[in-house]
1. In region B:140-155, which residues are modelled with pLDDT of 80 or more, more than 7 Å from every other protein chain (Cβ to nearest Cβ) and open to solvent by less than 40 Å² (accessible area, probe 1.4 Å)?
2. Kindly check whether there is at least one residue in region A:78-86 that is within 12 Å of chain B (Cβ to nearest Cβ) and either at pLDDT 90 or above or open to solvent by 20 Å² or more (accessible area, probe 1.4 Å) (or both).
3. Assuming A:A214 fulfils every condition listed in (1) touching a Ser or Thr at 6+ places or on another chain (Cβ under 9 Å); (2) hydrophobic (A, V, I, L, M, F, W, C); (3) more than 11 Å from chain B (Cβ to nearest Cβ); (4) buried (at least 24 other Cβ atoms within 10 Å of the Cβ) apart from one, which condition is it?
4. Inspect all residues belonging to region A:170-181 and state whether any of them is surrounded by 18 or more Cβ atoms within 10 Å (Cβ to Cβ) and of a type in the set (G, A, S).
5. I need every pair where a residue in region A:42-65 that is more than 22 Å from A:V213 (Cα to Cα) has its Cβ under 6 Å from the Cβ of a residue that is at pLDDT below 85, sequence separation at least 6 or different chains.
6. Taking helices (runs of 4 or more DSSP H) that do not extend beyond region A:218-308, which have at least 2 residues that are at pLDDT 80 or above, on the phi > 0 side of the Ramachandran plot and open to solvent by less than 50 Å² (accessible area, probe 1.4 Å)?
Amino acid sequence: MGFFLETLLNGLMAGMLYSLVALGFVLIFKASGVFNFAQGAMVLFAALAMARFSEWLSAAGVGNPWLVNVIAFAMAAVVMFAVAWLIERLVLRQLVNQEGTTLLMATLGITYFLEGLGQSIFGSDIYKIDIGMPKEPVMAFESVFEGGILINQEDLIAALIAAVLVAALSLFFQKTSTGRALRAVADDHQAAQSIGIPLNRIWVIVWCVAGVVALVAGMIWGSKLGVQFSLATVALRALPVVILGGLTSVPGAIIGGLIIGVGEKLSEVYLGPYVGGGIEIWFAYVLALLFLLVRPQGLFGEKIIDRV
Amino acid sequence: MFYRENGQFKTSYQADQQIFPIVQDRWFVLLLVLLAFVGVPMMATDYMFSAILIPFVIMAMAALGVNILVGYCGQISLGSGAFMAVGAYGAYNFFARVPDLPLIPALILGGLCATVFGVLFGLPSLRVRGLYLAVATLAAQFFADWMFLRIKWFTLDTPSGSVSVSNLQVFGLPIESDVSKYLFCLTLLCVVALLAKNLVRGAIGREWMAIRDMDVAAAVIGIRPMYAKLSAFAVSSFIIGMAGALWAFIYMGSWEPSAFSVNESFRLLFMVIIGGMGSIMGGFLGAAFIVVLPIFLNQFLPFVASLLGVALSTTVVSHAELMIFGALIVWFLIVEPHGLARLWAIGKQKMRVWPFPY
C-alpha cells in the first residue's frame, strides 16, 4: 500500500511538471488558435538564458544566490518578452487567416530557429540552474504506514510552484481587464476585434505569458535534470496532456497532467516489467488516444460541433 | 507563347483524360524521365549519388505517400517516421527469416506491414481530426520507436538493435554500385508515382479530396468517411513503408531504430508543406528542397565565413544551419503558403500568356 501511494504521489508531482509545459500550449492555442510546437524550444531557450545569466552574474561578483536567481529570472523573462514580440511581429502577423496546418508548420520552423539561436548565443553544453531546492527526499506518514512514503522534496516544491503559477494565471485571466480581453479573443477573434480589442497586442501579451510559463517550466525542469538540449523534447512529453485535457482548457491542462503523470508512473511500475520497460513515453500517448476515442474534444475541451 | 495548348483538340474521352493532356507537358516529362534515367547516371559523381540523388529519390517516394494522406485526404500525420520504420523492419524480417525471398517481394511485404500498422493507427481519425489527430499519430511514432528498441524479436535478437542487409540483388543483378542503387530506386519511384497519380485522379482520389474539403458534406453526399479515411491511411502507409524499406536497405544498409525518429516525421511533413499539399509534383519538389538544403548550407556557410575571414567551428555551423532552416521554412510559409507546386503553376501560366501579362 505504501509503495502504491508513493508511486501515485510521484506520478502526481511529475504530472504537475507536465501541466506546466502543457499550460503554455493551451494559453497560446486559446488566444490565437496556433498549436505552438515551439513551446518546447521556448522552454529550452528560457532555461538556457536563465542558467547562463545566473552564471555570468555570479562571475560578475554578485554574491547572494537569491539575488542572482531573481535577477537572472528577470533578465530571462525580458529575453522571453523580446522573443514573444519578435514572433508576433515577424511570423504571426504575416500568417493571419492561414490554416491551422500552416501555422503549425510555422511554429515548427520557429522551433528549429529557437533551438539554433539559443545554442549559438548561450552555448550547447549542460548547464546548471541552482535555485536552492533541497535534493534529499523526506519520509512522510511514517505513523500511518509501515516504512512511510518517500517524497522527493524537490518535486514537492516544484509542484507547489506550479500550483501557485496556475492560481496566478487564473486570477490574471478572471480579474484583470487584460485577462478579460484575452478571454474575449479566445472566444471569437472577429467579435473581439469589432468591439475594439487590439488583436496584435493581445497576441504579444499571450506569447509573453507563454514565455514566462516556459521560463518557470524551464527553471524547474532545468534544476531537476540540468539545462541541455533534451529539455526541448519535454514538449513532446506534454502533448498527450494537452490532448487529454482538451486544447482549450486551462483546468484541463492541470488535470490532464495529473492523470498522465499518475498513469505513466503506475504503468511503468506495474505494467513495464512484463513488456520490457521504457513504456512511459508511449503509454501517455496511447492513454490520450483511447480517451480521444470516447471524447474527441478531450476532458474539458469545447464541444466540437459539425456544421456544413 | 512558349507553352500553349491552342489547336490541340481532343476527339475522344480517353485522349481528354490522359495524365498529361497537353503535348508540351508530355514531352517535358518524357525528357525529364529520360534525363533522370540516362543523363544523370552519366554525369553524376559518387558523392552526388550517395548524398543527394539516392536520398532524394527515396524521400520523394515517402513524400508522395505522406502527400496522399495529408495533401489529398487532409489527415495531418506526424507518424510518418513510424510507418517508414515498420516498413523497414517488416521488410527486414521477411528478408532475413524467409529463405531465398527476393528483394522486391520483401519490399512489398514490408509495405504491407506498414499498411496494417497505418490502418490501426488511422482508426482515431474516425473520431478526431485536425490538430488532435496530429498528436494522436505521434502515438504511432513513439510506439514504433519503443517497439523496435525493446522487442528484440523484430531485430533478430541483436543486442544493440542495429541490423544490416547485404547481397541485395534484383533478377540476378547485384545492387551494389551507386548507379544501380539509384536506378533501382528511381524505377520504383516511377512506378509508385504513376500508381499514385492514377489513384488520386480516380474515384477513390475524389473521395479523399471530398473528405479533405469537408468531411460532413462528403458524408452527406454518400461518401463513406471510414472507408475513405482508412483507405487513404492504407495507401499512404504502404508507400511510406516501401520508401522506409528502401531507405534502410538501399541507402543505409545497416540501421538502428533511432534512424526513424520523430524528426524524420517532421521532415516528411515539411516536404509536403513546402512542396505543396495535394500535388504529386509538390512531393518531388519538396523532397528536393529538404534534401538539398542542409547539404547546401553545410557547404555554403563555411564558404561565406571564409570570404569574411572568420573560421567557423562545426558546432557554430550546425546551429546556424538549424536557424537558417527554421527561418527559411517560416519565410516560405509566409511568402508562398501553397508551396513550390504553386510557384511551378504560376511559372507555367506566365509562359503560356507571354508576352502579355495576362
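1. B:A140, B:Q141, B:A144, B:M147, B:F148 - these are the residues of region B:140-155 that are modelled with pLDDT of 80 or more, more than 7 Å from every other protein chain (Cβ to nearest Cβ) and open to solvent by less than 40 Å² (accessible area, probe 1.4 Å).
2. Taking region A:78-86 first, the residues within 12 Å of chain B (Cβ to nearest Cβ) are A:86.
The next check asks that each one be either at pLDDT 90 or above or open to solvent by 20 Å² or more (accessible area, probe 1.4 Å) (or both); those that pass are A:86.
Checking region A:78-86: at least one residue is within 12 Å of chain B (Cβ to nearest Cβ) and either at pLDDT 90 or above or open to solvent by 20 Å² or more (accessible area, probe 1.4 Å) (or both).
3. All conditions pass for A:A214, except number (1).
4. Checked region A:170-181: at least one residue is surrounded by 18 or more Cβ atoms within 10 Å (Cβ to Cβ) and of a type in the set (G, A, S).
5. A:L57/A:V68; A:S58/A:V68; A:V62/A:V68
6. On the way: elements: A:234-245, A:250-270, A:272-275, A:280-294.
The helices (runs of 4 or more DSSP H) meeting that bar number zero.
So that you can scan it fast, the table gives a plain yes or no per residue for (1) open to solvent by less than 10 Å² (accessible area, probe 1.4 Å); (2) at pLDDT 85 or above; (3) in a helix (DSSP H, G or I):
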site: A:L44; (1), (2), (3): yes, yes, yes
site: A:A51; (1), (2), (3): yes, yes, yes
site: A:L57; (1), (2), (3): no, no, yes
site: A:N69; (1), (2), (3): no, no, yes
site: A:A74; (1), (2), (3): no, yes, yes
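Residue by residue, here is whether (1) at the interface with another protein chain (Cβ under 10 Å from one of its Cβ atoms); (2) within 21 Å of A:A163 (Cα to Cα); (3) aromatic (F, W, Y) holds:
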| position | (1), (2), (3) |
| --- | --- |
| A:G218 | no, yes, no |
| A:G245 | no, yes, no |
| A:L266 | no, no, no |
| A:V269 | no, no, no |
| A:P273 | no, no, no |
| A:W282 | yes, no, yes |
| A:L287 | yes, no, no |
| A:L290 | yes, no, no |
| A:R295 | yes, no, no |
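The values are calculated or read from the model by the stated rules, or taken from the named source; none is laboratory data. Here the structure is a predicted model, which is why all the values come from computation and not from measurement. Counting neighbours? That spans all protein chains shown, and the Cβs are built from the backbone with ideal geometry, glycine included. Keep in mind that these areas ignore ligands, DNA and RNA; they rest on the heavy atoms of the full protein, side chains included. Shrake-Rupley method; radii C 1.70, N 1.55, O 1.52, S 1.80 Å.
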